[in-house]
Amino acid sequence: MTARLSDIATQAGVSEATVSRVVNGKPGVSASTRQAVVAAMDVLGYERPPRLRQRSAGLIGLITPELNNPIFPAFAQVIEQVLTSDGYTPVLCTQTPGGSTEDQLTDMLVDRGVTGIVFVSGLHADTTANKDRYVKLAGRGVPFVMINGYTDQVSAPFVSVDNRAAVRLAVTHLLELGHEAIGLAVGPPRFVPAQRMVEGFTLVRPQASDLVEHSLFTVEGGQAAANALLDRGCTAIVCGSDLMAFGAIRAARQRGLAVPRDISVVGFDDSPLIVFADPPLTTIRQPVEAMGQAAVHALLEEIGGTPAPHAEFVFQPELVVRGSTGARPR
């Protein structure tokens, strides 16, 4: 036990005496220190003593698209941390090709008595999807909140990043570098975030609607879109996701072009993959932590009987300049 106390103390950055007080339920330890000790126990794989096992306030479902795009695990991690700190047990459900649909996952969660559900980039973001499914869910008495993809057809709190402002930031950055032929590679036009990105692009470049290319929010989609834009003479490309930006860089290199010497590329998300990019990717950062916290707090307000406004809470993005953008080639 002494060795375990020493390990936990080192991990938590506290004394062994403090760990002992937490483990034995003694007073004189702040809530933040107590939480740090419990977190250290979890990280090291030690089982929590019974007195430190928090009884769950209820199950909260979290439905995300497939986890291939690292922005979705990033959202899931933040949301799960906030839920856990508030005493709730998160249940993560992901959609995979050929697997369970959003409707099936929703029914499964409701059948298991979840207290609420968080939808991340779900069917609510698809303008062609029937929104009656959410009206029925509300009728079953299950509160829910949506992240990215606002629609006025659903009465619920929405948390979104300002996609229009994001593209304006990226295009303005490229204009300042001297680029004129700037293309936009985004996802399918039926999705709200893609529509808003196009709106932001045309506000800055009203005469450049022919330099918008729709594809999939994937590496392969970005590569296909970038090839089409490069054929039209673009010297810079703004992408709808970091994965698309990686595809754009791949397309450029296959043509013998160097990034950023010959072509500048801007991503979107600032997802964890960025640390492996070569060159380091200039991107638009989604404030994932703030958005995840706001979504959970709005949901807990709903659960607590004091509903948050059934409106869209819009968060501002941030341009992060790295090595994939440079001056327009001569």
Which residue pairs have Cβ atoms under 6 Å apart, sit 6 or more places apart or on different chains, and have a first residue in segment 104-130 that is assigned by TED's automatic domain parsing to the domain that holds Met291 and a second that is assigned to a helix (DSSP H, G or I) and charged (D, E, K, R)?
-> Gly122/Glu102; Leu123/Glu102
Run Leu67 past the list (1) among the hydrophobic types (A, V, I, L, M, F, W, C); (2) in a helix (DSSP H, G or I); (3) at pLDDT below 95 and report the number of the one that doesn't hold.
-> (2)
Only one residue in Pro90, Pro70 is in contact with a Gly (Cβ under 9 Å, 6 or more places away or on another chain), touching a residue at least 12 places away in the same chain (Cβ under 8 Å) and surrounded by 15 or more Cβ atoms within 10 Å (Cβ to Cβ). Which one?
-> Pro90
Might you check whether a residue that is assigned by TED's automatic domain parsing to the domain that holds Asp242, farther than 30 Å from Gly61 by Cβ, modelled with pLDDT of 95 or more and part of a helix (DSSP H, G or I) occurs anywhere in segment 176-196?
-> yes
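Hey, does segment 21-35 have a residue that's assigned by TED's automatic domain parsing to the domain that holds Val114, assigned to a helix (DSSP H, G or I) and either modelled with pLDDT under 80 or not hydroxyl-bearing (Ser, Thr, Tyr) (or both)?
Taking segment 21-35 as the starting set, the residues that turn out to be assigned by TED's automatic domain parsing to the domain that holds Val114 are none.
No, that holds for no residue.
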Strands (runs of 3 or more DSSP E) contained entirely in segment 217-292, each with at least 1 residues that are surrounded by fewer than 24 Cβ atoms within 10 Å (Cβ to Cβ), out of contact with any Phe, Trp or Tyr (no Cβ under 7 Å at 6 or more places or on another chain) and modelled with pLDDT under 95 | none
Assuming Tyr150 fulfils every condition listed in (1) closer than 19 Å to Ser241 by Cβ; (2) assigned to a helix (DSSP H, G or I); (3) touching a helix residue (DSSP H, G or I) at 6+ places or on another chain (Cβ under 9 Å) apart from one, which condition is it?
-> (2)
Kindly indicate the residue of segment 94-135 that is buried (at least 19 other Cβ atoms within 10 Å of the Cβ) and part of a strand (DSSP E or B) and also farthest from the chain's Cα centre (by Cα) among those meeting that condition.
-> Gly116
Taking the options Thr89, Thr84, Thr94, name whichever one is among the hydroxyl-bearing types (Ser, Thr, Tyr), at pLDDT 90 or above and at negative phi.
-> Thr94
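Inspect segment 226-239 for any residue being over 23 Å from the mean Cα position of the chain (by Cα) and closer than 19 Å to Asn163 by Cα and give the result as yes or no. First the steps, then the outcome.
Here is the first cut: in segment 226-239, the residues over 23 Å from the mean Cα position of the chain (by Cα) are 226-236.
Right, trim to closer than 19 Å to Asn163 by Cα and you get 236.
Yes, there is a match, as at least one residue in segment 226-239 is over 23 Å from the mean Cα position of the chain (by Cα) and closer than 19 Å to Asn163 by Cα.
The values are calculated or read from the model by the stated rules, or taken from the named source; none is laboratory data. As the structure is a prediction and not an experimental result, all values here were calculated from the model. So basically every Cβ, Gly included, is an ideal-geometry build from the backbone, and we count neighbours across all protein chains shown.
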